[in-house]
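Asker: Please read through the structure below; I'll follow up with questions.
The values are calculated or read from the model by the stated rules, or taken from the named source; none is laboratory data. Small disclaimer: the values here were computed from a predicted structure and weren't measured. So basically every Cβ, Gly included, is an ideal-geometry build from the backbone, and we count neighbours across all protein chains shown. Note: areas computed on protein heavy atoms with side chains; ligands, DNA, RNA excluded. Shrake-Rupley method; radii C 1.70, N 1.55, O 1.52, S 1.80 Å.
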Amino acid sequence: MLAREVAQCLTAGRACGPVVGMAIVVAVVFLVMTGALWKSRKAALPNSIALQRSALDSALVITAAVLAIIVFAPVESDTHEFNVLPFRDLVDAFGEGGFRLRDALFEVIANFAVFVPLGILVAMRFDRLRVTTWLARIFAVVLVSEILQSVVVGRSGDLTDVITDVAGAFAGFAVTRLVLRRLALGRADRVTFAEAD
């Protein structure tokens, strides 16, 4: 799994070749896509807004593509099922401990973490999107993806993944929206204070 390779690269220095190679490819694609979008938009929008939107749109497309690769990449699996008991593997692993517990915890944390950037980018790009609307949309997309995993791809779907993926995307969105609103309020307060002088 891609998330496992990234974690091993960051913590143990292993599997860094593929991670660095992928990072270079992603950076080049991002720059080319951002440049193309910016060029097509700069006539209709102020330069800084055109560049900001182009960069956010490029990052969103790349993030969605990486998530699709992570979600639908075939893995070795003996079963094609949809686990409806949330955190079943984690609960079972607590009884065994050791590597099984470590792997189960890693899966939960990684599934949460890989969806956080998507939530951040959506909150930055679509400032009028309501939190409930985002939650409903990401839940529908993740649920359908997990069902497709259990039917089409050589792997199994899991309600735990639905919960952790949605929680990560929601957390990224909600925290970013909160930070952006605080920043906007701070700017408004500074403008009001300056006008009072």
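Asker: Looking only at region 155-180, which residues are touching a Ser or Thr at 6+ places or on another chain (Cβ under 7 Å) and open to solvent by 10 Å² or more (accessible area, probe 1.4 Å)? Reasoning before the result, please.
Answerer: Of the residues in region 155-180, the ones touching a Ser or Thr at 6+ places or on another chain (Cβ under 7 Å) are 155-157.
Of everything in region 155-180, those that are touching a Ser or Thr at 6+ places or on another chain (Cβ under 7 Å) and open to solvent by 10 Å² or more (accessible area, probe 1.4 Å) turn out to be ARG155, SER156.
Asker: Shifting gears a bit: Can you name the condition, by its number, that VAL122 falls short on among (1) in contact with a Gly (Cβ under 9 Å, 6 or more places away or on another chain); (2) aliphatic (A, V, I, L, M); (3) farther than 24 Å from PRO74 by Cβ; (4) open to solvent by 20 Å² or more (accessible area, probe 1.4 Å)?
Answerer: That leaves (4) as the condition not met.
Asker: Quick check: is even one residue across region 128-135 open to solvent by 30 Å² or more (accessible area, probe 1.4 Å), under 12 Å from ALA167 (Cα atoms) and part of a helix (DSSP H, G or I)?
Answerer: There is at least one residue in region 128-135 that is open to solvent by 30 Å² or more (accessible area, probe 1.4 Å), under 12 Å from ALA167 (Cα atoms) and part of a helix (DSSP H, G or I).
Asker: Would region 107-117 turn up any residue that is part of a helix (DSSP H, G or I), farther than 20 Å from ARG155 by Cα and in contact with a Ser or Thr (Cβ under 6 Å, 6 or more places away or on another chain)? Walk me through it before giving the result.
Answerer: At the first step, the residues of region 107-117 found to be part of a helix (DSSP H, G or I) are 107-117.
Filter once more, so that each one left must be farther than 20 Å from ARG155 by Cα: 113, 116-117.
Filter once more, so that each one left must be in contact with a Ser or Thr (Cβ under 6 Å, 6 or more places away or on another chain): 117.
Yes - at least one qualifying residue is present in region 107-117.
Asker: Within region 1-103, considering only helices (runs of 4 or more DSSP H) that don't extend past its boundaries, which have at least 2 residues that are modelled with pLDDT of 85 or more, more than 23 Å from GLY119 (Cβ to Cβ) and open to solvent by 60 Å² or more (accessible area, probe 1.4 Å)?
Answerer: Details: elements: 2-12, 16-41, 47-72, 88-96.
Of the helices (runs of 4 or more DSSP H) lying wholly inside region 1-103, those with at least 2 residues that are modelled with pLDDT of 85 or more, more than 23 Å from GLY119 (Cβ to Cβ) and open to solvent by 60 Å² or more (accessible area, probe 1.4 Å) span 16-41, 47-72.
Asker: Within the bounds of region 147-159, is there any residue that is at pLDDT 90 or above, touching a strand residue (DSSP E or B) at 6+ places or on another chain (Cβ under 9 Å), under 19 Å from PHE82 (Cβ atoms) and not hydroxyl-bearing (Ser, Thr, Tyr)? Spell out the reasoning first.
Answerer: Keep residues of region 147-159 that are at pLDDT 90 or above, which gives 159.
Applying the additional criterion that residues be touching a strand residue (DSSP E or B) at 6+ places or on another chain (Cβ under 9 Å) yields 159.
Filter once more, so that each one left must be under 19 Å from PHE82 (Cβ atoms): 159.
When the remaining residues are screened for being not hydroxyl-bearing (Ser, Thr, Tyr), the result is 159.
Scanning region 147-159 turns up at least one residue that is at pLDDT 90 or above, touching a strand residue (DSSP E or B) at 6+ places or on another chain (Cβ under 9 Å), under 19 Å from PHE82 (Cβ atoms) and not hydroxyl-bearing (Ser, Thr, Tyr).
Asker: A follow-up question, please. Checking PHE139 against (1) of a type outside the set (D, E, K, R); (2) open to solvent by 80 Å² or more (accessible area, probe 1.4 Å); (3) modelled with pLDDT under 95; (4) within 23 Å of ILE70 (Cα to Cα): exactly one of these is not met. Which one?
Answerer: Every listed condition holds for PHE139 apart from (3).
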